[in-house]
Structure formats: structure tokens, C-alpha cells
């Protein structure tokens, strides 16, 4: 018996689905999927993407829902239930999203500032110059940290306070918040898509996005990109889905919920492709350049390409600018607090600290951890940490999760648990995917990332910077997992 | 410019799998809840 099982439950199935969808759908859906799709064969990418979704994404989300629902506890307690010596894996799982959150909220702080800047289109005619020089005050290299940027600092404070207010009351409040923060950005995205599709040049953009290049299907990297996209987009291996499923009622459905959450996430990405490429097509036609010459991935899209296009809109430019950044903020807030909730629940569960105090401690640490990304050199460090966590941290945890739950706990027991309460029954095919197929794909992803990083050091940075931004955080998180496991808790043994 | 036929085909394919699938599973969830 533990605190979660006794006290906290979702208000309804709808609240759980909304929270899980809100967590999965984030800034990455808007800025990553369209770009990855375009880079990997356009419409043809949908084929490996769907294969990856059904062979890795949905089975993994069923796994995380099942184990959370079975253990009814936070990830550290889940792995402790499987074997006392595995508790550190649970801590490892919740510390990674905490680091992710530290820089994710900084991007949200940028969106917060840009939402205000949209009123008078402050970026003017040169959005690149404004973003990099005036707003970020970017330094010459990651070695030059520079000072804290006040507008980012204020945005950061606002976002962390929001996260605290949403989380400290527990899951019931999350359920109420996501009832607004999931539909609102989706509606805004639809409005932006309709506006985008009515612009001159939109068809050119959509054609770039969807025209299939089937020859790319023979390229193994395209398949790897599809698996990576599904894996990161669904927020797997971050302890989030385990934590959220632990708040489900005993008789709640697992499998059907997993399908709904996964398809809603992928559907939002697909829709975002239209929002982005219609506007990119318009910008290309307006400026008389090719679409390939415009930046359509990552911060470039959100803070340079899109604002440039907004400035060129024939009417209501400020309005559409504002709703774009409000959509990003509301998409982002669900993901941000879902990254914090697992570590808060872990602390609350193990040391029996009140939820308010646990949330306060985590948010305060998070705020201070975010400060490095709010400096002039912050963008460099943000991209560096993101690169290593996305390529190594999450994939490694996903692999360990599959191995421990698939081989040590015996996957059959989890399948039987999921089938007991689910409308859709899963067969032995699921065991094979969790035990063999997904670990195999994740091993290849890890190996390819490792080889690529050794041959071509990230952005050509010197080794000491890569060590500081990638290796040191990875080792620190790994060691902290063991330290947190060893510190005696006040929890009742399961 | 008109959207190429192959792009239209991928649009239909993507929409059916994603949105069709989502509607189907939501329908099953609603049916289950009503029981």
C-alpha cells in the first residue's frame, strides 16, 4: 500500500486520456515531425512512421500504462517492486525528464516573450537578427556564457510558477487543467492551418511535405528516424506514462487508452505539418526563394521562419502571431508539468513529504537548473544537452525498461494484467515486440548515434564542451539514481 | 499549382490511419463506458 494508491485518482477516464495526450503532444510535434517527415522522403515517410507507431510506440505505451497500473506507484517504487536492486532504474527514469524540463521551460519562456512581442511584431523585418542578437544576446560559443537575459528570466519564472500551481494539489487539478490546455491549442492549430492553407503558395508547401519519394524507403536511416520520432514524440521512457497510469482506477482500461493517446499524438503531428508547410510555402513564394532555403526545423522554424511569415501576412498579423505562440505555450505546459510530476511523485512516495513541499523543492531546483539556458550562451547548451539526452538518455532507458520488464519481470504477467481490464485484448505478439523487436531497434539507434558522435563530434565542438554538456550530466544522473536509491525512505514496504 | 496525385494519396492514407483510427478507438471507449 502506498500514498498514491490510497489518495490519488483521476477524476475520470477522460481526464487521464487528456493528461496523457497533453503530455505526449508538445512543442516537438509542431517543430520536429514536419521537418523529419520532409527530410526523410515526404509522404513516403508516413509508411515507416506508421510501422514504427504500431510496432514500437503503441506496444511501449501499453507497457508503461500496464506497469504503472499494476504497481500503482511512481517509477522508483515500480522498479523496487520488481526487485529491490532495480529501484535506481526508476530514479534514472524520473531524473531524465527533470533535466528535459529544465530546458523545455526555457523554450516556453521564449514563446511567452514572443506572445507579447506579437502585439507589435517586434521582430520587424529581420527575425533572425532579432531572435539571435536582440532577444537571446547569443555569445560567440558555448564557452562564453554571457549574462542572464531578463525577458527570458521573467518568462522562466512565470512558467515555473504555473507548473508549481498546477502540480501541488495533485492529479485532480491536472485533470481540470488539461481539460482546457489540450483542446485549446488543438483548436488554435486548426485555425492556423485554415489560415495557412488559404495563403498563396500554401499548395507548394504542402506538396513539399506530402509528395512521396518511395526510393527513400530503402534507406535504413529513414526507418531509424521513424522509430526515433515515434519514441520521442510519445514521451516514452520518461516515467510520465507510468506515473499517470498509477493514478488510474483499478478497473480502468489500458490498451484502448494507449491506442487513443498514441493516435491523438500522431494525428496532431500530422496536422502540424499542414500548419507549418502551408506558411513555409507562403514565405518561400513571398520571398521568391526555394523551400529548402528556409529553416524549417527546431528553433529556426518557431522563432525565425514563422515570425517572418507572420510579418508578411496581409491582415491580422498580430492576431495570428499571438494565437501561434499561445498554442505553443498551451501545448508545452502539459508536457512541462508531466516531466516534473514523476520526480515529485517519486520523492513524495519515498520520503512521505507532502505533495506541496515535494513540488516546491523540485520546481525550485528546476528553476535554478534552467538558469544556464537563460544566458547568452544558453542556446548552445540547450541544443547540446537536448542532443545527448534525446540520442542516448531516453533510448538507453527505453532499452533497459524493455529488458527489465520483458525478461526479468516476465512480460506475460503484464500482458495478463492489461487484458484483465482492457476492452481490446493483446496477444503474444506484444511479448515478442517488447522482448525482441523494440530492444533490437533501440540497440541499433544507440549504436548509430554513438558512431555518428564519435566520427563527427556534435557541431564540431571541442571534446571538453561535449563532455561538460553530454557526458557529465549523463554520469551525474546515473550516480544520483544510486544515491537516491540508497537514501533510506519512509515508505511502507510493498 | 495543384497538389500531385501521389501527395493526395498520402494525405488520404495518413488521414484514414490516424484520424479514422482515433475515431474508431474513441467510439469503442464510449461504447465501453456506456455499458
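Tabulated values for the structure
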| read-out | value |
| --- | --- |
| Residue order, fewest to most surrounding Cβ atoms within 10 angstrom, among A:359, A:93 | A:359, A:93 |
| Rounded to 10°, Cα long-axis angle of helix A:183-197 versus longest principal axis of chain A | 30 degrees |
| For A:268-281, mean number of other protein chain Cβ atoms within 10 Å | 1 |
| Packing-based exposure ordering (other Cβ within 10 Å, fewest first) of A:133, A:435 | A:133, A:435 |
| For the range A:81-216, fraction of C-alpha pairs farther apart than 22 Å, in % | 64 percent |
| Alpha carbon centroid spacing (whole Å) that separates the range A:288-346 from the range A:359-424 | 23 Å |
| Cα Rg over Rh - the range A:3-486, Kirkwood | 0.95 |
| Helix A:58-71 axis, angle to chain A major axis (alpha carbon atoms, nearest 10°) | 40 degrees |
| Kirkwood estimate for the range A:58-145, i.e. one over the average of 1/r between Cα atoms, Å | 16.8 Å |
| For the range A:275-348, projected area of the alpha-carbon convex hull averaged over all directions, nm² | 5.9 nm² |
| Approximate spin-label separation residue A:126-residue B:5, in nm, with each point projected 7 Å along Cα-to-Cβ | 4.8 nm |
| If the convex hull is drawn through the Cα atoms of the range A:193-241, its volume per residue in Å³ | 103 Å³ |
| Distance in nm between pseudo-label sites at residue A:315 and residue A:194 (7 Å out along the Cβ direction from Cα) | 1.5 nm |
| Alpha-carbon Debye profile of the range A:376-435, log10 I(q)/I(0) at 0.18, 0.29 Å⁻¹ | -0.70, -1.09 |
| Cα-based helix-to-principal-axis angle, A:438-455 vs chain A, degrees rounded to 10 | 50 degrees |
| Values of log10 I(q)/I(0), in the order q = 0.18, 0.23 Å⁻¹, for the range A:256-312 under a Debye, Cα-only, solvent-free model | -0.62, -0.84 |
| Whole-number Å³ per residue for the convex hull built on Cα positions in the range A:1-134 | 191 Å³ |
| Protection proxy ranking of A:399-409, A:332-342 - average other beta-carbon atoms within 10 Å, highest first | A:332-342, A:399-409 |
| Pairwise centroid distance, computed over Cα atoms, of the range A:79-104 with the range A:145-177, Å | 22 Å |
| Separation in nanometres of the label points that stand 7 Å from Cα toward Cβ, at residue A:353 and residue B:13 | 5.1 nm |
| MRE, 222 nm, helices only [DSSP H, n ≥ 4, -39500 (n - 2.57), over the protein assembly as shown, to nearest 500] | -21000 deg cm²/dmol |
| Cα-only radius of gyration and Dmax that characterise the range A:317-439, units Å | 20.0, 56 |
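Every number in this text was worked out from the coordinates using simple rules, so none of it is lab data. Since the structure is predicted, the reported quantities are computational estimates derived from the model, not experimental observations. Note that each Cβ is placed from the backbone with ideal geometry, even for glycine, and that neighbours are counted across all protein chains shown.
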